[in-house]
1. Has region 192-200 got any residue that is of a type in the set (A, V, I, L, M), in a loop (DSSP other than H, G, I, E, B) and modelled with pLDDT of 95 or more?
2. Can you tell me which residue is farthest from the ligand (Cβ to nearest atom) among those in region 181-195 that are surrounded by 20 or more Cβ atoms within 10 Å (Cβ to Cβ) and under 18 Å from Ile145 (Cβ atoms)?
3. Got a number for residues in region 245-279 being among the acidic types (Asp, Glu) and surrounded by fewer than 22 Cβ atoms within 10 Å (Cβ to Cβ)?
4. Among the residues of region 158-180, which ones are among the charged types (D, E, K, R), within 16 Å of the ligand (Cβ to nearest atom) and either without any contact (Cβ under 8 Å) to a residue 60 or more places away in the chain or touching a Gly at 6+ places or on another chain (Cβ under 6 Å) (or both)?
5. What's the total number of residues in region 171-214 that are among the basic types (Lys, Arg) and within 18 Å of the chain's Cα centre (by Cα)?
Amino acid sequence: MMQLNIVDETSPLKAVILGTAKSCGPVPSPDEAYDPKSLEHILAGTYPKEADMEKEMDAFAKVFQKYGVEVYRPEILQNCNQIFARDIAFVIEDKLFHANILPDREREFVAIHEVLDKIDPNKVIRPPEEVHIEGGDVMPWNDYIFIGTYTGPDYPDYITARTNREAVEYIRRMFPYKTVKSFELRKSNTDPKENALHLDCCFQPVGKDKAILHRNGFLLEEEYQWLVDHFGKDNVFEINKDEMYQMFSNVFSISPEVVVSEKGFTRLNNWLREQGFTVEEIPYAEIAKQEGLLRCSTMPLIRE
Ligand SMILES: NC(=O)NCCC[C@H](N)C(=O)O
């Protein structure tokens, strides 16, 4: 049996699911897109090619190999985009939650059966139907659980709003001894620069006490300010609109000292190195065209 353990975003990684770009299907039609950045590239004729994305994911897998991380891959489903393993499930402490994801993406979950078979069935939990939640919005951070949400009355109009009020209440009920802190995110179905698709598209902790953050991703100034105060202004790397669009906040921590990042994120990578991090740079700009990057492509199972 696999003993799951995730209580933060950065402790040394032991086991992870990494998505796959294999057999991800033809270029979607504009009405099949479920995020504005994919839509932009579909319309411009620049949607990423499977072979290019596979190369990027291979580079990511090699970094895991270098650090001795056990990597699981989903079973390949025909013509199914399975790159973003993050959203289909998430682990908090020793439990794996089966996300109530956008219906367009539900098919992706069954493909991780190799991992599910190794987990005590009592530790695999499916929230009730009214709880909409995706792993990109969920971040355990020691005594806290951070959750990105959108609770406006027009929630049903946004295909980019994936985690609702019921989800925040549900996680509070499941973890009464943790502080569940929710953040209202800015949503747009059409403009990727005005859309924080998930919390990890505008914020992520790195190391033990630092964070990458984008103010405009948050709808409420006081919630953004809470994060600045929590980490301390000097520990926050503020990114601009274009950097959020490039997915600067979606790097991935292998440990408190090692961060995997995109090779073109020069300003961020320099800052990380100045702070003492080892930065493992890989190419990931093709996958970035689908409004997801490195954190989105992983689903951590065990951190030490
Ligand atoms: N955690 C994430 O932000 N995941 C990225 C998911 C991108 C995918 N195109 C989606 O819209 O679901």
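The values are calculated or read from the model by the stated rules, or taken from the named source; none is laboratory data. Here the structure is a predicted model, which is why all the values come from computation and not from measurement. Note that each Cβ is placed from the backbone with ideal geometry, even for glycine, and that neighbours are counted across all protein chains shown.
1. To start, the set of residues in region 192-200 that are of a type in the set (A, V, I, L, M) comprises 196-197, 199.
Going one step further and asking which of them are in a loop (DSSP other than H, G, I, E, B), we end up with 196-197.
Next cut, modelled with pLDDT of 95 or more only: 196-197.
Yes, region 192-200 contains a residue that is of a type in the set (A, V, I, L, M), in a loop (DSSP other than H, G, I, E, B) and modelled with pLDDT of 95 or more.
2. Across region 181-195, the extreme among qualifying residues is Ser182.
3. Let us first name the residues in region 245-279 that are among the acidic types (Asp, Glu), namely 257, 262, 274.
Next, from what is left, pick out any that are surrounded by fewer than 22 Cβ atoms within 10 Å (Cβ to Cβ): 257, 274.
Within region 245-279, residues that are among the acidic types (Asp, Glu) and surrounded by fewer than 22 Cβ atoms within 10 Å (Cβ to Cβ) number 2.
4. none
5. As a first pass, look at region 171-214 and keep what is among the basic types (Lys, Arg): 172-173, 178, 181, 186-187, 193, 208, 210.
Still in the running and within 18 Å of the chain's Cα centre (by Cα): 181, 186-187, 193, 210.
Adding up the residues that qualify gives 5.
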